1. Looking only at helices (runs of 4 or more DSSP H) that lie completely in the stretch 83-136, which have at least 1 residues being under 24 Å from the mean Cα position of the chain (by Cα) and either among the hydrophobic types (A, V, I, L, M, F, W, C) or modelled with pLDDT under 90 (or both)?
2. Out of ALA265, ALA242, I need the residue that is more than 23 Å from LEU141 (Cα to Cα) and modelled with pLDDT under 85. Which one?
3. Please count how many residues of the stretch 76-91 are aliphatic (A, V, I, L, M) and loosely packed, with under 14 Cβ neighbours inside 10 Å.
4. Of the residues ALA236, ALA190, ALA199, only one is at pLDDT 85 or above and either in a helix (DSSP H, G or I) or loosely packed, with under 11 Cβ neighbours inside 10 Å (or both); which?
5. In this structure, is ILE55 at pLDDT 80 or above and either exposed (fewer than 10 other Cβ atoms within 10 Å of the Cβ) or not assigned by TED's automatic domain parsing to the domain that holds VAL218 (or both)?
6. Could you say which residue among ALA149, ALA71, ALA165 is at pLDDT 90 or above and part of a helix (DSSP H, G or I)?
7. Consider the stretch 96-127. How many of its residues are surrounded by 13 or more Cβ atoms within 10 Å (Cβ to Cβ) and in contact with a strand residue (DSSP E or B) (Cβ under 8 Å, 6 or more places away or on another chain)?
8. What's the number of the condition LEU22 fails, among (1) modelled with pLDDT under 75; (2) more than 23 Å from GLY255 (Cβ to Cβ); (3) of a type in the set (A, V, I, L, M); (4) surrounded by 10 or more Cβ atoms within 10 Å (Cβ to Cβ)?
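The values are calculated or read from the model by the stated rules, or taken from the named source; none is laboratory data. The structure displayed is predicted, hence computed values, not measured ones. Cβ coordinates were reconstructed from backbone atoms using ideal geometry, including for glycine residues, and neighbour counts include every protein chain displayed.
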Amino acid sequence: MNQQDRSFLTVFTAIMGALVLLAAAIFLVARLVSMVSSYVPDDGSRVSAVVSERIKPVGHVVLASADEATAGGEQAAAPLSGEQVVQQVCAACHQAGVLEAPVIGDQAAWEPRYAQGLDTLVEHAVNGLNAMPPKGGAGNLSDEEIRQAVVWMLTETGFELDQDATAAAATTEEGMVTPTEETSSEADGADTDAQAAAAVDAELDVAKGKELYGQVCVACHSTGAAAAPILGDKAAWEPRIAQGMDTLIQHAVGGLNAMPPKGGAMHLSDSEIANIVGYIVSESQ
């Protein structure tokens with residue numbers, strides 16, 4: 001092979017190598033473009049998944065056909081007695097004093113609570129209070145079953161509910177309130193409530209509440225998830241606001257219906273939750 005043939009072979013080999021490299025580069029670029037074009041942007045499913053996960057511990061909705069609903073109604077379990085509810089749900093805390101729960105039989109611990117009245121105790125048990133979740137965490141129980149459980153615990157602790165209720169209802173002429181005095185008392189009470197509400201509003205940091213709302217509450221209260229009232233919907237918020245700031249804050253801290261305590265943000269303090277409530281009320285009046 002002469003020098004000219006060697007030169008030709010060298011140039012030919014170099015050209016072919018370059019073409020192979022170019023083809024490989026084109027192939028890699030084409031693969032990269034196809035991967036990028038196949039990317040599907042977020043369609044909001046992530047937010048829905050987060051909302052579903054946050055309300056998952058409380059419950060979920062199952063849609064059944066009419067036949068299944070009828071069959072389920074016919075096979076519904078009989079209501080539990082107060083003692084059964086206590087044994088299955090309440091005893092875990094109220095027999096051992098877990099999380100400062102008053103122990104059944106400890107009349108000194110129950111006395112100040114009993115003084116609030118049976119209806120108030122039942123309301124606290126149904127809606128939750130402090131460390132106690134709504135209905136003790138058994139959301140499948142009816143309000144009446146919870147009421148019977150409260151009555152049973154009070155009775156076991158030594159309170160005579162029927163006699164006490166009769167004594168409280170009985171009045172004498174000396175103890176009766178005239179219409180004028182009653183009206184005056186109600187007016188004084190309304191003034192006191194208004195002053196208390198103004199004091200609460202003055203203590204709230206609405207700007208901080210707005211910031212925290214965007215971090216915790218917006219997922220449900222901007223979409224109406226789990227029947228949450230939407231921010232700014234005056235018709236939905238009017239009956240809730242009418243209950244008073246203290247009640248709204250209590251519900252937000254302790255949880256209510258599908259809303260878990262503190263909206264699931266247990267790292268927030270009660271005052272921070274109060275600030276969020278203040279912001280929501282200010283935007284929904």
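1. 91-94, 118-127
2. Sole residue among the options that is more than 23 Å from LEU141 (Cα to Cα) and modelled with pLDDT under 85: ALA265.
3. 3
4. Being at pLDDT 85 or above and either in a helix (DSSP H, G or I) or loosely packed, with under 11 Cβ neighbours inside 10 Å (or both) holds for just one of ALA236, ALA190, ALA199, which is ALA236.
5. Answer is no for this residue.
6. One residue alone meets the criteria, ALA149.
7. Looking only at that region, the number is 4.
8. Single failed check for LEU22: (1).
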